[in-house]
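Notes for the one structure printed next.
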Amino acid sequence: MELRSTIRTAWWHKATVYQVYPRSFADSNGDGVGDLPGITSKLEYLKALGIELIWLSPIYASPMDDNGYDISDYQAVAPEFGTLADFDELLAQARLRNIGVILDLVVNHTSDEHPWFVQSRASKQSPFRDYYIWRKPADDGGPPNNLTSSFGGSAWTLDETTGEYYLHLFSRRQPDLNWENPNVRGAIYQMMNWWLERGIAGFRMDVIDYIGKQVDQAIVTDGPHLHAYLHEMNRATFGSRDVLTVGETWSATPGSALLYSGRDREELSMIFQFEHVTQQWDEIYGKWRSRPFDLIKLKSVLSKWQYALADDGWNALFWGNHDLPRAVSKYGDVKGYPVESAKMLATVLHLLKGTPFIYQGEEIGMTNAPFTKIEQYRDIETLNMHRLHLEAGLSPEDFIKGANENGRDNARTPMQWTSGANAGFTTGIPWIEVNKNYATINAEAAMSDEHSIWNHYRKLISLRKAYPVIIYGRFQSYLDQHPDVLAYTRTLDTQRLTVLSNFSARTITFDLPHELLATGRCLISNYDPVDALKTTMSLRPYEAFAVLAEVAGRDGTKS
Ligand code: TEU
Ligand code: CA
């Protein structure tokens, strides 16, 4: 009874979200760049998969220094992506298919071409001066402090016009907005309401943990006013509407997650935390030099987040996005077991408690970009880091090795629709090279093969809609110290779902904890269905399955 009373249901608890990176999804007019009509033309595909929500990476007017994460007009669509009419058409067509559209809210910074910044930099007396973060040079004429940009170098650029530095925690073409200025906050809330009134289903909020920054104390994330601003935003905009909001928060801890997504906080629906996908990053070189995969560590992070948000808050579940490598390349085995390992990863993630996010192409097992030359890369972060790392003495080969593993362009090669020219993404020249493996890895082939990764995703999405235990069941991990097996249960009332998976390319034999022994029904598997959980289990390479069993007593507690 206790469990039931603490559940407050929300429609987005059982939805699966699909992230579209518009530039690389579908090109309708042959200019080599994906666009809104292209997305609209693929809604049937998403509906067939069972998707109820799509998150669009930025579609707004932008000089595209960072592929649209540098916005010059929040209320206009980038011409290369289409028009506002194309957007309304996408929204209407999506609604006809019961698909909601979530927009990317990028309000930590704007483009340097945004009229606010153009006026802000023009003079110290401009009413827009205080929309951004300006500081006098240090005594030696250098930057005010040593804050650095995520894309390399100082976070400060001197602007000759007024002789002051402005802050940019990303590229110098992405000046940071000054959230301490109430006019900035008011203008953003107004813009958000304008989109909400158009009928969108929510927002993904870019680096939202930065907006409370206190630059003079070199505090970037989790500033003192962060949660007050989010609460204010909630009240001023989406709070009265039934939408999904998800914050991108690289700094999140289980503690801050409860502040962001706690049910009585009136902030956000959920956040993306990144602890599970940064486990292999080097302490000094970050993602450009990664450490070997360690399943025990990964499990401890996944479990930690499941336990921490068991009774309050809500997890967003994901393996990849447009900033991260392809999941199957990172955690699976693209050479030996591409299909098995992709299905295994999906099974493990989608049966956890939280709302799953699929990054475009993940559902067909798309892999990292096999680029060998820096000229093949397009991402500003990769190009900047290439220059800086080479200046610091790294060999070009070593840099490419790091970029091959973790660079952002891995996830940005065009969506592979067919085995035809350019993977069916464009009739023109794609803005970034298509991965040659589209001849075998493509949506058309996947949809017509009942054993495909795509059909496995489709099944997971439909299971979530059918079984409350997947949405609300209590999580418990097992075999925490096993180096190859990931095991957990989800329990709701008298139902217990047991998920077993093998993260290795070998057959693994192990003993199951006594309390898990049961015979039930296999809901999903990537080899043959398994329904008996016995003392000694053997899992084939990358095998994963889930067994639903009846257990004694409420919530599985033995009576
Ligand atoms: O990402 C935030 C961010 O911190 C990433 O750039 C991350 O630092 C990097 O990939 C790790 O090396 C968001 C967007 O998702 C990203 O695409 C944007 O470039 C960035 O914000 C700026 O808007
Ligand atoms: Ca186009």
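The values are calculated or read from the model by the stated rules, or taken from the named source; none is laboratory data. In this text, all values refer to a predicted model and were calculated from it rather than measured experimentally. Don't worry about glycine lacking a Cβ; one is built from the backbone with ideal geometry, like all the others, and counts go over all protein chains shown. Only protein heavy atoms, including side chains, enter the accessible area calculation; ligands, DNA and RNA are left aside. Shrake-Rupley method; radii C 1.70, N 1.55, O 1.52, S 1.80 Å.
Has region 536-553 got any residue that is buried (at least 18 other Cβ atoms within 10 Å of the Cβ), in a loop (DSSP other than H, G, I, E, B), within 26 Å of the chain's Cα centre (by Cα) and not aliphatic (A, V, I, L, M)? So that I can check it myself, show each step before the final result.
Pass one, region 536-553, residues buried (at least 18 other Cβ atoms within 10 Å of the Cβ): 537, 539, 541-549, 551.
Checking the rest, the ones that are also in a loop (DSSP other than H, G, I, E, B) come to 541-543, 551.
Next cut, within 26 Å of the chain's Cα centre (by Cα) only: 542-543.
From what's left, not aliphatic (A, V, I, L, M): 542-543.
Checking region 536-553: at least one residue is buried (at least 18 other Cβ atoms within 10 Å of the Cβ), in a loop (DSSP other than H, G, I, E, B), within 26 Å of the chain's Cα centre (by Cα) and not aliphatic (A, V, I, L, M).
Residues of region 333-366 being open to solvent by 20 Å² or more (accessible area, probe 1.4 Å) and part of a loop (DSSP other than H, G, I, E, B), which ones?
Asp333, Val334, Lys335, Gly336, Tyr337, Lys353
List pairs: first residue in region 279-303 and closer than 12 Å to Gln481 by Cα, second residue within 16 Å of ligand 1 (Cβ to nearest atom) and assigned to a helix (DSSP H, G or I) anywhere in the structure, Cβ distance under 8 angstrom, at least six positions apart or on different chains.
none
For a quick check of your reading: which helices (runs of 4 or more DSSP H) sit entirely within region 417-476 and have at least 2 residues that are of a type in the set (Gly, Ala, Ser) and under 24 Å from the mean Cα position of the chain (by Cα)?
On the way: elements: 443-447, 453-466, 468-472.
So the answer is 443-447.
Phe399 is checked against (1) surrounded by 20 or more Cβ atoms within 10 Å (Cβ to Cβ); (2) away from ligand 2 (no atom under 16 Å from the Cβ); (3) not in a helix (DSSP H, G or I) and fails just one. What number does that condition carry?
Of the numbered conditions (1) surrounded by 20 or more Cβ atoms within 10 Å (Cβ to Cβ); (2) away from ligand 2 (no atom under 16 Å from the Cβ); (3) not in a helix (DSSP H, G or I), the odd one out for Phe399 is (3).
Would you tally the residues in region 148-189 being within 14 Å of ligand 1 (Cβ to nearest atom) and either open to solvent by less than 20 Å² (accessible area, probe 1.4 Å) or closer than 15 Å to Val220 by Cβ (or both)?
Count: 14.
All but one of (1) out of contact with any Lys or Arg (no Cβ under 7 Å at 6 or more places or on another chain); (2) modelled with pLDDT of 95 or more; (3) open to solvent by less than 40 Å² (accessible area, probe 1.4 Å) hold for Gly286, so report the exception by its number.
Among (1) out of contact with any Lys or Arg (no Cβ under 7 Å at 6 or more places or on another chain); (2) modelled with pLDDT of 95 or more; (3) open to solvent by less than 40 Å² (accessible area, probe 1.4 Å), the lone unmet condition for Gly286 is (2).
Contact list please: Cβ distance under 7 Å, first residue in region 421-435 and more than 10 Å from ligand 2 (Cβ to nearest atom), second residue basic (Lys, Arg), pairs at least six apart or on different chains.
Ile432/Arg378; Ile432/Arg412
Would you check if there is a residue in region 13-24 being within 15 Å of ligand 2 (Cβ to nearest atom) and polar (S, T, N, Q)? First the steps, then the outcome.
Filtering region 13-24 for residues within 15 Å of ligand 2 (Cβ to nearest atom) gives 20-24.
Still in the running and polar (S, T, N, Q): 24.
Yes - at least one qualifying residue is present in region 13-24.
Is at least one residue of region 17-24 open to solvent by 20 Å² or more (accessible area, probe 1.4 Å) and under 30 Å from Tyr377 (Cα atoms)? Show your work before the answer.
Within region 17-24, the first condition is being open to solvent by 20 Å² or more (accessible area, probe 1.4 Å), and the residues that meet it are 23.
After this cut, where a residue has to be under 30 Å from Tyr377 (Cα atoms) as well, the list is 23.
Yes - at least one qualifying residue is present in region 17-24.
Specify which of the listed residues (Gly247, Gly202, Gly223) is at positive phi, in contact with a strand residue (DSSP E or B) (Cβ under 6 Å, 6 or more places away or on another chain) and not aromatic (Phe, Trp, Tyr). It would help to see each step written out before you state the result.
Working: Gly247 fails: at positive phi; Gly223 fails: at positive phi.
Answer to the selection: Gly202.
Condition check: assigned by TED's automatic domain parsing to the domain that holds Gln306 and buried (at least 19 other Cβ atoms within 10 Å of the Cβ). Does Ala487 satisfy that? Full working, then the answer.
Working: assigned by TED's automatic domain parsing to the domain that holds Gln306: no; buried (at least 19 other Cβ atoms within 10 Å of the Cβ): yes.
Criteria not met by Ala487.
Among the residues of region 25-54, what is the count of those that are open to solvent by less than 10 Å² (accessible area, probe 1.4 Å), more than 16 Å from ligand 2 (Cβ to nearest atom) and assigned to a loop (DSSP other than H, G, I, E, B)?
First, the residues of region 25-54 that are open to solvent by less than 10 Å² (accessible area, probe 1.4 Å): 25-26, 32, 34-36, 38-39, 43, 46, 49, 51, 53-54.
Next cut, more than 16 Å from ligand 2 (Cβ to nearest atom) only: 43, 46, 49, 51, 53-54.
Subsequent filtering for residues that are assigned to a loop (DSSP other than H, G, I, E, B) retains 51.
Going through region 25-54 one residue at a time, the tally reaches 1.
Take region 61-80 and flag every residue that is assigned to a loop (DSSP other than H, G, I, E, B) and either at pLDDT below 95 or within 16 Å of ligand 1 (Cβ to nearest atom) (or both).
As a first pass, look at region 61-80 and keep what is assigned to a loop (DSSP other than H, G, I, E, B): 62-72, 78-80.
Scanning region 61-80 gives Ser62, Pro63, Met64, Asp65, Asp66, Asn67, Gly68, Tyr69, Asp70, Ile71, Ser72, Ala78.
Which of the residues that make up region 124-144 are touching a residue at least 12 places away in the same chain (Cβ under 8 Å) and under 18 Å from His109 (Cβ atoms)? So that I can check it myself, show each step before the final result.
As a first pass, look at region 124-144 and keep what is touching a residue at least 12 places away in the same chain (Cβ under 8 Å): 124, 128, 130-137, 143-144.
Phe128, Asp130, Tyr131, Tyr132, Ile133, Trp134, Arg135, Pro143, Pro144, listed by residue number.
Within region 133-146, work out how many residues are assigned to a loop (DSSP other than H, G, I, E, B) and surrounded by 18 or more Cβ atoms within 10 Å (Cβ to Cβ). So that I can check it myself, show each step before the final result.
Step one: filter region 133-146 for residues assigned to a loop (DSSP other than H, G, I, E, B), giving 133, 136-146.
After this cut, where a residue has to be surrounded by 18 or more Cβ atoms within 10 Å (Cβ to Cβ) as well, the list is 133, 143-144.
The qualifying residues number 3.
Return the residues of region 55-106 that are of a type in the set (Val, Ile, Thr), within 16 Å of ligand 2 (Cβ to nearest atom) and open to solvent by less than 10 Å² (accessible area, probe 1.4 Å); say none if nothing qualifies. Explain how you work it out, then say what you get.
Going through region 55-106, the residues of a type in the set (Val, Ile, Thr) turn out to be 59, 71, 77, 83, 99, 101-102, 106.
In the following step, the residues that additionally are within 16 Å of ligand 2 (Cβ to nearest atom) were identified as 59, 77, 83.
Matches in region 55-106: Ile59 only.
What are the residues in region 11-24 that are part of a loop (DSSP other than H, G, I, E, B) and not hydrophobic (A, V, I, L, M, F, W, C), if any?
At the first step, the residues of region 11-24 found to be part of a loop (DSSP other than H, G, I, E, B) are 14-16, 21.
Those that are part of a loop (DSSP other than H, G, I, E, B) and not hydrophobic (A, V, I, L, M, F, W, C): Lys14, Thr16, Tyr21.
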